[in-house]
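*Asks:* I am attaching a structure below and will ask some questions about it afterwards.
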Amino acid sequence: MSTLADLLSRMDDPSRPLLTFDDRRTGERVELSGTTTANWVAKTANFLTDDLDAGPGTRVRIGLPPHWLRYVWLLSCWTVGATVATDSADIGLSGPDLRADEPERVAASLRPLGARFAEPPEGFVDVGAEVPGHGDVFVPLDPPQDSTAAVDLPGLTATHAELLTSAVPCSNRVLTPPLTIVDDVRLLVDVLVGGGSIVLATGADDATMTTIAVQERAVRR
């Protein structure tokens, strides 16, 4: 059986948009194709293994708000075989609030294009400064197996195989409001299995969501 690490490589047309982020509070809009997403995932996976010694058995807490980087980090953790968890984590990923107390603490500024913090975050590794310098291709020394734990979250504990077999394949371009990380896990796997894509809109009221759905030719979640 394949694993979650194989999903990006199985895309029929990686040139198509996979992740779109539309922040109506700041005006930021980012669109990542399958190829661009895979590039970010490879760099992040190399950062996780080379700098943080992550691999199967490592627990990573993704403490980001709904954002395109949250999807990238989910895929990156699964690529190296790490488990996305909420507690007893070895690595804590924080947003600009710098809230993490894990042994390894990293932070993302959430500035456009994944840019680094304007000032180095004290006590944290700045992923915006470190990730871009890593390789565009990731070759795992210890690849995940279908029995590898993928998530250990409130309401959802599952292996790679369990997430894949429980997926509801989605071929639509799906417009979604901010979700919990558990819902993000399920949506991400569903669209990758089904060949769909995600449009995440933040800071949008109901009327604006309707407008975005038309603009993006997306189906509202």
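*Asks:* What number of residues within segment 71-98 are on the phi > 0 side of the Ramachandran plot and without any contact (Cβ under 8 Å) to a residue 60 or more places away in the chain? It would help to see each step written out before you state the result.
*Replies:* Filtering segment 71-98 for residues on the phi > 0 side of the Ramachandran plot gives 81, 88, 98.
Adding the requirement that they be without any contact (Cβ under 8 Å) to a residue 60 or more places away in the chain leaves 88, 98.
Number satisfying all stated conditions: 2.
For every residue, the table says whether it meets (1) farther than 17 Å from ALA89 by Cβ; (2) part of a helix (DSSP H, G or I).
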site	(1), (2)
VAL151	no, no
ALA161	yes, yes
ALA167	yes, no
SER171	yes, no
PRO178	yes, no
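*Asks:* In segment 184-221, which residue that is of a type in the set (Gly, Ala, Ser) and surrounded by fewer than 18 Cβ atoms within 10 Å (Cβ to Cβ) is farthest from the chain's Cα centre (by Cα)? Quick ask: steps written out before the conclusion?
*Replies:* The initial filter retains those residues of segment 184-221 that are of a type in the set (Gly, Ala, Ser), namely 194-197, 201, 203-204, 207, 213, 218.
Then keep just the ones that are surrounded by fewer than 18 Cβ atoms within 10 Å (Cβ to Cβ); that gives 194-195, 203, 207.
Numbers: GLY194: 17, GLY195: 17, GLY203: 20, ALA207: 27 Å.
Among those residues, the one meeting the criterion is ALA207.
*Asks:* May I pose another question? Assuming SER9 fulfils every condition listed in (1) surrounded by 17 or more Cβ atoms within 10 Å (Cβ to Cβ); (2) among the small types (Gly, Ala, Ser); (3) without any contact (Cβ under 8 Å) to a residue 60 or more places away in the chain; (4) assigned to a helix (DSSP H, G or I) apart from one, which condition is it?
*Replies:* All conditions are met except number (1).
*Asks:* Still on this structure, please answer the following. Pairs under 7 Å by beta carbon, first residue in a helix (DSSP H, G or I) in segment 128-141, partner of a type in the set (A, V, I, L, M) and surrounded by 14 or more Cβ atoms within 10 Å (Cβ to Cβ), six or more apart or different chains?
*Replies:* Pairs found: GLY128/ALA108; GLY128/ALA115.
Residue-wise test of (1) polar (S, T, N, Q); (2) under 19 Å from ASP6 (Cβ atoms); (3) touching a residue at least 40 places away in the same chain (Cβ under 8 Å).
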| site | (1), (2), (3) |
| --- | --- |
| ARG111 | no, no, no |
| PHE117 | no, no, no |
| GLY123 | no, no, no |
| ALA149 | no, yes, yes |
| SER166 | yes, yes, no |
| ASP183 | no, no, no |
| ALA204 | no, no, yes |
| ALA207 | no, no, no |
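Throughout, read-outs are computed from the coordinates displayed, never taken from laboratory work. Just so it is clear, the model here is predicted, and its values are computed rather than measured. Cβ atoms come from the backbone with ideal geometry, glycine included; neighbour counts cover every protein chain shown.
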